[in-house]
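Worksheet for the structure shown next.
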Amino acid sequence: MAQYFEVHPENPQPRLLKQAVALLSNGGIVAVPTDSSYALVCHLDDKAAADHLRRIRGVDDKHHLTLLCRDLSELANYARVDNKQYRLLKAATPGPYTFILEASKEVPRRVSHPSRKTIGLRVPEHKTLQDLLALLGAPLLATTLIPPGETEPMNDANEIRDRFEHQLAAVIDAGACPLEPTTVIDLTEMGTGGDAVLVRQGRGALGAIGL
């Protein structure tokens, strides 16, 4: 049975978030609000949790998972970023964008794309999620909470609890969040002189980051 943490949207209670951190550290999957719909998250270093997250989401190991990072400096620990890529990332973070980059050695091979050795990374602009990341002290492995066989993400905490209460360790409710996934941009070609490639248009506007 999933625990339910109802937190204040602007001043989330640390004691509740600490309980969620403890569940994540023990291998749990938690549904968290972001600046672009809810996401399922787990501890980066827990293989069993990552496998469980994929099963809940109904995706295989070829599906890009995303690292949620506190800030751009943390993101740069997990991806190879040159100056041109860094300038674009700086303009877009924090915000509703996911960037595909070449994974650094800090990323476990089992969570990067099996053939391309890439990883999706983003810095969310959401107070509750930022506080959770700060308490954890590490990135979270994440995927948009889109139920298997469906195309739209979920954004209502009560509906998520009702539907996944036996598969999740917890649901964090900080009020409804947007019902639109992130904009996904592949920056790997930019690292070899190419251009950024739009993979999915979502909530993040391209014009806002100069694309």
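Computed from the coordinates by the stated procedures, all read-outs in this text should not be read as laboratory data. Not measured: the values here are computed from a predicted model. A quick note on method: Cβ atoms are made from the backbone with ideal geometry, for glycine too, and the neighbour counts reach across all protein chains shown.
Before moving on, here are some points about what is shown:
- On full extension, the segment bounded by L179 and A208 gains 8.5 nm, given 0.36 nm per residue less the C-alpha separation.
- This model, with +1 at the C-beta of Lys and Arg and -1 at the C-beta of Asp and Glu, gives the stretch 3-209 a dipole about its Cα centre of some 620 debye.
- Here's how it looks for T118: its modeled amide H is under 5 Å from those of A103, H113, which are all 5 or more places away or on a different chain.
- The chain: antiparallel DSSP beta bridges as a percent of all, rounded to 5: 60 percent
- Förster radius 22 Å - calculated FRET efficiency between A91 and T192 (Cβ-Cβ, nearest 0.05): 0.60
- The stretch 124-211 - charge dipole about Cα centre, Lys and Arg +1 at Cβ, Asp and Glu -1, debye rounded to 20: 140 debye
- G202 long-range amide H proximity, modeled H, under 5 Å: T183, V184
- Close amide H contacts of D173 (hydrogens built in the peptide plane, cut-off under 5 Å, sequence separation of 5 or more or a different chain): F5, E6, V7.
- The stretch 1-94 shape via C-alpha gyration tensor axes, a/c threshold 1.5: oblate
- With the simple model of a label 7 Å out from the Cα in the direction of the Cβ, H63 to E106 spans 2.6 nm.
- Farthest toward the positive end of the dipole of the stretch 3-209, out of G193, A22, A48, is the Cα of G193, where the dipole comes from beta carbon charges about the Cα centre.
- Applying both filters, DSSP loop and at most 16 other Cβ atoms within 10 Å, to the GluC sites (Glu not before Pro) of the stretch 10-107 gives E10, E106.
- Along each principal axis, Cα extent of the stretch 49-131, largest first, Å: 34, 30, 18
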